[in-house]
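> Let me begin by handing over the structure; questions about it come next.
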Amino acid sequence: MEEKGRVTLAHGAGGKQTSELIDRVFKEYFANPDLTGDDAAVLGLAGGRYAFSTDGFIVSPASFPGGNIGKLSICGTVNDLACMGAKPLYITCAFVIEEGFPMEELEQIAASMAVTAKEAGVRIVAGDTKVAGKGQVDGVFITTSGIGLIPEGVETSGSKAVPGDLVLVTGDIGRHGCTILLAREDFGIEADVTSDCAPLAGAVKAMLDVTDQIHVIRDATRGGVGTVLYEIAEQSEVGVSLDAEAVPVREDVKGVCGMLGLEPLYLACEGRLVVIVPEEHAQAVLAALREGKYTGSAAVIGRITDEMPGRVIMTTEIGAKTLLPPPRGELLPRIC
Amino acid sequence: MSGKENGKKENKAREIIENYDGPGLRIMEVCGTHTHEIFRLGIRQILPPQVELISGPGCPVCVTPADFIDEAVWLALEKGVTVCTFGDLVRVPGSKMSLAGARAEGGKVQIVYSPLDACQYAADHPEEEVVFLSVGFETTTPAACLSLQEADRQGITNYSVLTANKTMPRAYEALRGSADVFLYPGHVNAITGTALCKSLAEEGISGVVAGFTAKELLAALAIALKKYQEGKPFFVNAYPRVVSEEGSPGAMKLVDEWMEACDSEWRGLGLIPGSGLKIKKDPERYDARVRYGVPKMEGRSNPACRCGEVLQGKCLPTDCPIFGKACNPLHPVGACMVSGEGACSAYYQYALR
């Protein structure tokens, strides 16, 4: 490819070529009334409680079946806000791009961000672009920050699970981690798995329309559902009783995990929430989720107990009880 | 078979296990994957008290002695070769250090997922000397031989292997007093067939070839209990879906072409004559010990660690004084804590305590 098709250091120097890059890629895709050429976005926010979050994305490879780093960077922050019950409103994004990165791929990434932001109902209101020398970053790194309004009466937190609550997951687990593993082609395994990467603000709204009595919402990202369950068990000082057979896992993901000796509960997801609700609301919440675009395979997977606080106990397929091995911090690098 | 009938069979097997009222016995699962699955499924909980499951020496990482790690560290640090290895081996303690330690001191240690990857690495880096750490049983040895065949075919001259490959037949004999029934490793038998296990039964050693799903494991255990009550030595292939009588002659032929039997040191079991494999074909080129003149190592494991007794079923991981304290999955002292298939690691990870 000739130089014209690639990002160069000049694109990050702040001069004419920088504005060309911004015009060609970012303004082209991100245009909205709140994205001005000024130094900062000026937003008119009403009184109330806001959720505010930031997240960095360094996934390798930058494009993978079911998404790319751009889509991921919007979903990640949108979902973090949604976990607090918030309606995401505004997002900012900062790019660090490696010299020589293909312009076409950058455009695809920006286009995915625009589509995903639109779907999630957020506006991209400010951004930044830096270009680093060849080898100083790998491809492209993106950081997004976002803000969202929490409806009155909604209060979710990892510390709010109480014994008797039911544990739901909003879809089949482990697909993102599995997809990235296979996309790296280290294993010579082929399977038709795509990332579950999706914006879940709509799913959260649908649940809150049923009841505002949702105790915990957590998105299962890097460490997978297992890590999230341990975090909640610890924060809320409760036990989690998990029904291993109720956890939705696609057959192909199971197959890959079997071959590589991985536990699907510890594979990354990028479009799955763990939701903890009082038992009396669980069926209505589940029904609402099953109507949703990304949450059709939602399921009840367990219950909060007062036994063995801080631990996740699994009922296995033969009906015996074992400890879900606690997360060991050996997760795959650069998965999101 | 319909799912319903399948379920019935599973229930029947379970019923036999739960209602077993025969004499006490010790069943040794030989394969690390069996150990892991038995723990993951919680199978121990449904066994009657007189039935004891022992985790045997079937995880390749666990039985690899400290001197093998010392040899690999020596190659990396003294000879400057690139050591290609399965990830599990990197954290196994040697006498002085693990391969992770060698890497921190500037040694080149490359993690691969198959021996062919190591061979490919050698082809891609002709300026480096590349050694693959060949551990494993009958299941993984053919792949190591395949990588040698590939090196030979492509004329790759910077690739050799450091062997610690092991074979099961002599190990069963060495372990005969440790258990009443062996749960034979289905994957090994898929390669070797069943003739050996049949002849072991004639010598008085009983066993059942088991698969790896809940259903297959329960079926194999139920068969073991039924047969044991009959009082005669027995052999049953309870994994016929995958294991045939003749095994995989192609894989065996490939191994036979490249390797020959030798005495081999097993962590915990000591030296078992004829239980290992070394390079037969052109050892000056392909056997890293010959090629680099690796000196004899007098490897020494941490004396507090009781992995050796765990591997022979003489004690439980929880009987070891350092289990879960000085020795845990993040800081393993013994090999059985390193690999996810090791008995200590399985106890640590899954046991409710």
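> Charges at C-beta only: +1 for Lys and Arg, -1 for Asp and Glu. How large is the resulting dipole of region B:8-303 about its Cα centre, in Debye rounded to 20?
It works out to roughly 680 debye.
> Let me ask you something else. Give a quick list of GluC sites (Glu not before Pro) in region A:149-201 that DSSP marks as loop, anything other than H, G, I, E or B, with at most 10 other Cβ atoms within 10 Å.
A:E152, A:E185, A:E190
> Which is farthest toward the positive dipole end of region A:166-323 among A:A288, A:P248, A:P278, measuring Cα position about the Cα centre, with Cβ charges +1 (Lys, Arg) and -1 (Asp, Glu)?
A:A288
> Can you tell me the FRET efficiency between A:E107 and A:T36 if r is taken as the Cβ-Cβ distance and R0 is 25 Å, rounded to the nearest 0.05?
After rounding, the FRET efficiency stands at 0.70.
> Which of B:V61, A:V275 comes first, and how do the rest follow, when ranked by fewest Cβ neighbours within 10 Å?
B:V61, A:V275
> Compute the separation of the alpha-carbon centres of region B:22-52 and region A:293-314 and state it in Å as a whole number.
28
> In terms of the Cα gyration tensor, with a ≥ b ≥ c the square roots of its eigenvalues, is chain A rounded because a/c is under 1.5, prolate because a/b exceeds b/c, or oblate?
oblate
> Next up: For the protein assembly as shown, what does the alpha-carbon gyration tensor say about shape, rounded, prolate or oblate, given a ≥ b ≥ c as the root eigenvalues, a/c under 1.5 as rounded, and a/b over b/c as prolate?
Oblate.
> Of A:G261, A:L182, A:M84, which is farthest on the positive side of the dipole of the protein assembly as shown, counting Cα position, with +1 on Lys and Arg Cβ, -1 on Asp and Glu Cβ, and the Cα centre as origin?
A:G261
> Considering only Cα-Cα distances, which of the following residue pairs are longer than 22 Å: B:K253/B:K280; A:K71/A:K205; B:K253/B:K281; B:K12/B:K227; B:K166/B:K253?
Result: no pair exceeds 22 Å.
> Label points 7 Å out from Cα along the Cβ direction at B:E128 and B:C262: separation in nm?
2.4
> Among B:G250, B:G186, B:T85, whose Cα lies farthest out toward the positive end of the dipole of chain B, if unit charges sit on the beta carbon of Lys, Arg (+1) and Asp, Glu (-1)?
So the residue we want is B:G186.
> A further question follows. Counting other beta carbons within 10 Å of each Cβ, put B:D67, A:D209, A:D192 in order, fewest first.
A:D192, A:D209, B:D67
> Amide H neighbours of B:S275 under 5 Å, at least 5 residues apart or on other chains, H built in the peptide plane: list them.
B:C262, B:S264
> Here's another thing I want to ask about it. Work out from phi, with θ = phi - 60° and the Karplus expression 6.51 cos²θ - 1.76 cosθ + 1.60, the ³J(HN,Hα) of each residue of region B:28-34, listed in order in whole Hz, and give x for Gly and Pro.
Values per residue, Gly and Pro as x: 9, 8, 8, 9, x, 5, 4 Hz.
> Might you report the magnitude of the Cβ-based charge dipole of the protein assembly as shown about its Cα centre, with Lys and Arg at +1 and Asp and Glu at -1, to the nearest 20 debye?
1060
> Can you list the GluC sites (Glu not before Pro) in region A:248-303 that are in a DSSP coil and have 14 or fewer other beta carbons within 10 angstrom?
A:E291
> Right, next: Lysines near A:K4 by alpha-carbon distance under 24 Å, same-chain residues fewer than 8 away left out - which ones?
Partners within reach: A:K16, A:K27, A:K130, A:K134.
> Per residue of chain B, what 222 nm ellipticity follows from adding -39500 (n - 2.57) for every DSSP H run with n ≥ 4, rounded to the nearest 500?
-11500 deg cm²/dmol
> Also, I was wondering about something else. Taking square-rooted eigenvalues a ≥ b ≥ c of the alpha carbon gyration tensor, is region B:191-350 rounded, prolate or oblate, where a/c under 1.5 means rounded and, failing that, a/b exceeding b/c means prolate?
oblate
> Note the full-extension length gain between A:Q17 and A:T54 as 0.36 nm times their separation in residues minus their Cα-Cα distance, in nm to one decimal.
Here the answer is 10.5 nm.
> Can you list which of the trypsin sites (Lys or Arg not before Pro) found in region B:284-342 are DSSP loop residues with at most 14 other C-beta atoms within 10 Å?
Of the trypsin sites (Lys or Arg not before Pro), the ones in loops of region B:284-342 whose Cβ has at most 14 other Cβ atoms within 10 Å are B:K296, B:R300, B:K314, B:K325.
> Taking the simple approach of a point 7 Å from Cα along Cα-to-Cβ for both B:T318 and B:R176, what is their distance in nm?
3.3
> A further question on this structure: So, in nm, how far is label A:E317 from label B:Q154 when the simple model puts each one 7 Å beyond its Cα toward the Cβ?
3.8
> While we're here: Pull up the cross-link candidates among the aspartates and glutamates for B:K226, meaning alpha carbon to alpha carbon under 19 Å and not fewer than 8 places away within one chain.
B:E10, B:E15, B:E18, B:D21, B:E29, B:E52, B:D180, B:E202, B:E216
> In sequence order, what are the phi-derived ³J(HN,Hα) couplings for region B:154-162 according to the Karplus relation 6.51 cos²θ - 1.76 cosθ + 1.60 with θ = phi - 60°, rounded to whole Hz, with x for glycine and proline?
Values, residue by residue: 8, x, 7, 9, 9, 10, 9, 10, 9 Hz.
> How high is the relative contact order of region A:166-323, in percent, counting Cα pairs under 8 Å that sit 6 or more residues apart?
43
> If you don't mind, there's one more thing I want to ask. Say R0 is 51 Å: what FRET efficiency, to the nearest 0.05, do B:E298 and B:Q50 get from their beta-carbon distance?
So the FRET efficiency works out to roughly 0.75.
> Still on this structure: State, as an integer percentage, the relative contact order of chain A based on alpha-carbon contacts under 8 Å between residues 6 or more apart.
Normalised by residue count, the contact order of chain A is 22 percent.
> Rounding to the nearest 10 and keeping the result within 0 to 90°, find how far the Cα-based axis of helix B:66-77 lies from the longest principal axis of chain B.
The answer is roughly 30 degrees.
> What residues from region B:184-223 fall in the zone where the backbone N is under 20 Å from a label point 7 Å along the Cα-to-C-beta line of B:E246?
B:187-199
> While we're on this one: Near the amide H of A:V131, under 5 Å away, which other amide H atoms are found, from residues 5 or more places off or on another chain, if H is placed in the peptide plane?
Amide H to amide H, under 5 Å and 5 or more residues apart or across chains, A:V131 pairs with A:G12, A:I97.
> Tell me, B:S345, B:S264 in order of fewest to most beta-carbon neighbours within 10 Å?
Least to most surrounded, the residues fall as B:S264, B:S345.
None of the figures in this text is laboratory data; all of them are computed from the coordinates on show. Not measured: the values here are computed from a predicted model. Note that each Cβ is placed from the backbone with ideal geometry, even for glycine, and that neighbours are counted across all protein chains shown.
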